[in-house]
Amino acid sequence: MESRVTVLTPNGRRQIIKVSPNTTLLKILEDVCSKHNFDSEEFTLTHHNKEVSLSQPFRFSGLPNNCQLEMAQTDRKRSTAEVEICVQLEDGSRKQGSFQSTDNLLDVMKQLANEELCKYESPVVVYMRQDVMGQENMNATTLKSLGILEGRALLRLANKKIEELKTQAMVYAPPAPKLEKKTDEKDNEKNPKSNKITGGSGGFAITKDLVQSLKKAAATTEDKKSTENEDQPSRSPSTEEQNKEAVKPKYDWGDAPGRSMQASKGNIEPEKEEIVEPEIEPEYHIIGERHALIYSLDAAQSQIEDLPDSFYDLTVNDLKLVLRDLRKIASGDEDAPLLTEKLREIENSNTMLKKISQYKNCVIRIQFPDRHVLQGMFKPIDKVDDIMQFVKAFLKQPEQPCYLFTIPPKNKLDLDKTLLELDFVPNALVHFSPEDETFNGTLVEDAFLKQLSSPEGAFYAASKFRNQLKNTSEERPQLSPSTGAIPKRPRSDQIKN
């Protein structure tokens with residue numbers, strides 16, 4: 001489909017010009033001037049009172065189809081200028097020279113790339129998606145007709161046939177679709193009810209067939225257990241009870257290393273923390289107040305055992321737990337009502353009060369740049385400044401400027417905020433860094449580094465002391481009106497007596 005442009009001439013007439021995408025605006029101006037006997041060197045074109053560049057092709061000018069242009073007289077006559085032309089060959093090399101805008105392409109190519117021009121069977125010059133093929137067309141095409149009026153321009157000289165010019169270079173061809181995908185799509189069309197149940201960011205989808213297979217696997221396992229019980233009637237009841245009991249963790253490891261993973265919103269059910277005394281108590285050394293101890297992360301990595309590949313295989317019980325969690329996520333977020341700002345503040349305050357009632361103390365671990373970790377017990381209402389003062393008691397240079405932060409992303413902690421406000425309850429990992437980040441070396445005193453605890457002992461001590469502090473707070477007697485500081489008033493009958 002050809003485009004059309006309407007040009008208003010100075011004598012008040014309108015001239016319609018048919019243009020192609022590669023037609024330059026200078027060519028439009030020359031056609032109009034030749035029909036109305038005007039000198040094209042004394043005029044220019046404007047669109048909405050804005051001068052347009054005559055060197056641009058119509059496809060790159062940004063002008064719409066059937067647009068209206070107006071001829072405007074220039075202050076001085078346009079003269080031919082010298083142009084710098086650079087020719088790029090097929091091997092990537094470039095040759096450069098200066099020419100007049102009235103020179104044709106054949107003279108330019110003979111001066112810059114005469115050897116390549118003679119070798120090529122079908123030489124082609126490419127400039128801004130314009131292909132000039134053959135020496136005859138090059139002789140008839142000038143730099144001015146291509147829109148090269150001044151400045152610099154890059155031309156490409158290639159040896160291509162007419163069929164090759166129709167294919168666009170550097171275009172990605174997508175691979176052909178596999179037959180398996182087509183068969184899967186046909187199965188989905190036949191069975192529209194077997195839609196996938198996605199679980200947010202779970203990493204995989206659980207289908208209806210998977211749920212049925214889980215039920216069958218669970219039924220088969222129950223049948224095997226019943227047959228084994230019938231074959232072995234003399235089994236001791238103690239072993240049966242041990243198999244029924246769920247495997248409990250050896251220690252209260254808390255959340256993963258990092259920020260507290262406890263939900264900041266929602267109901268928090270109190271959990272009874274039970275500490276299991278191991279056969280051999282892990283090694284730990286208390287080195288200061290708040291049950292402080294230090295351990296190294298390098299020792300923790302050396303103690304990690306290589307697990308077999310079967311450890312990472314999903315069992316039927318694992319998939320059941322995943323399916324339960326996905327159902328909770330799907331039912332909880334969609335049906336949740338919209339809350340106003342005041343209601344959210346009330347809900348946040350309620351969750352904070354529940355955390356205070358459930359957790360009387362929290363475990364804070366401070367990691368240094370040399371991978372040493374300092375552990376201490378704090379109250380939820382303690383501030384970050386209390387942690388800073390606690391850390392400075394173990395440093396070689398307590399007066400050195402430093403700060404605490406959490407990752408990811410890196411966030412410097414405000415010293416006036418409490419641990420409860422920062423969601424550091426019941427435990428959290430905080431990073432320590434001096435203001436001078438180029439400092440290399442140990443920050444903790446050597447006397448404390450000689451009393452390192454094992455990582456397993458640090459976690460065991462955190463669980464042990466947390467339970468001790470919790471029990472002592474629960475055993476404190478509450479003051480009644482009769483045992484308080486205010487004396488009990490005598491009764492009226494006692495006054496009479």
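Considering only residues in the range 82-104 that are surrounded by fewer than 16 Cβ atoms within 10 Å (Cβ to Cβ) and among the small types (Gly, Ala, Ser), the one that is nearest to the chain's Cα centre (by Cα) turns out to be 92. Looking at this structure, is residue 296 in contact with an Asp or Glu (Cβ under 9 Å, 6 or more places away or on another chain) and either open to solvent by 90 Å² or more (accessible area, probe 1.4 Å) or modelled with pLDDT under 90 (or both)? Yes; evaluated as a whole, the condition is true for this residue. Taking (1) touching a residue at least 12 places away in the same chain (Cβ under 8 Å); (2) touching a Phe, Trp or Tyr at 6+ places or on another chain (Cβ under 9 Å) in turn, residue 107 satisfies each apart from (1).
The number of residues in the range 135-178 that are on the phi > 0 side of the Ramachandran plot and at pLDDT 75 or above comes to 2.
Among the residues making up the range 412-457, those that are β-branched (Val, Ile, Thr) and either in a strand (DSSP E or B) or under 17 Å from residue 373 (Cβ atoms) (or both) are 418, 430, 442, 444.
If you take just the strands (runs of 3 or more DSSP E) that sit entirely in the range 1-56, which of them hold at least 1 residues that are exposed (fewer than 11 other Cβ atoms within 10 Å of the Cβ) and over 49 Å from the mean Cα position of the chain (by Cα)? I'd like the intermediate steps shown before the answer.
Values: elements: 3-8, 14-19, 43-47.
The strands (runs of 3 or more DSSP E) meeting that bar are 14-19.
Counting only strands (runs of 3 or more DSSP E) wholly contained in the range 115-166, the ones carrying 2 or more residues that are among the β-branched types (Val, Ile, Thr) and open to solvent by less than 80 Å² (accessible area, probe 1.4 Å) occupy 123-127. Of all the listed residues (268, 286, 356), the sole one being modelled with pLDDT of 60 or more and outside any helix (DSSP H, G or I) is 286.
Among the numbered conditions (1) touching a strand residue (DSSP E or B) at 6+ places or on another chain (Cβ under 6 Å); (2) surrounded by 11 or more Cβ atoms within 10 Å (Cβ to Cβ); (3) over 28 Å from residue 156 (Cβ atoms), the only one that residue 66 does not meet is (2).
Every condition in (1) assigned to a helix (DSSP H, G or I); (2) within 18 Å of residue 149 (Cα to Cα); (3) touching a residue at least 12 places away in the same chain (Cβ under 8 Å); (4) of a type outside the set (Ser, Thr, Tyr) holds for residue 77 except the one numbered (1).
Take the residues of the range 359-389 that are over 22 Å from residue 414 (Cα atoms) and not in a strand (DSSP E or B): which is least open to solvent (accessible area, probe 1.4 Å)?
Within the range 359-389, the match that is least open to solvent (accessible area, probe 1.4 Å) is 359.
Among the candidates 451, 358, 400, which residue alone is closer than 17 Å to residue 295 by Cα and in contact (Cβ under 8 Å) with a residue 24 or more places away in the chain? Write out each step before concluding.
Numbers: 358 fails: closer than 17 Å to residue 295 by Cα; 400 fails: closer than 17 Å to residue 295 by Cα.
So the residue among 451, 358, 400 that is closer than 17 Å to residue 295 by Cα and in contact (Cβ under 8 Å) with a residue 24 or more places away in the chain is 451.
The values are calculated or read from the model by the stated rules, or taken from the named source; none is laboratory data. Since we're looking at a predicted model, the values are computed, not measured. Note that we place each Cβ from the backbone using ideal geometry, even for glycine, and neighbour counts take in every protein chain shown. When the accessible area is computed, the model is the full protein with side chains, heavy atoms only, and any ligands, DNA or RNA have been set aside. Shrake-Rupley method; radii C 1.70, N 1.55, O 1.52, S 1.80 Å.
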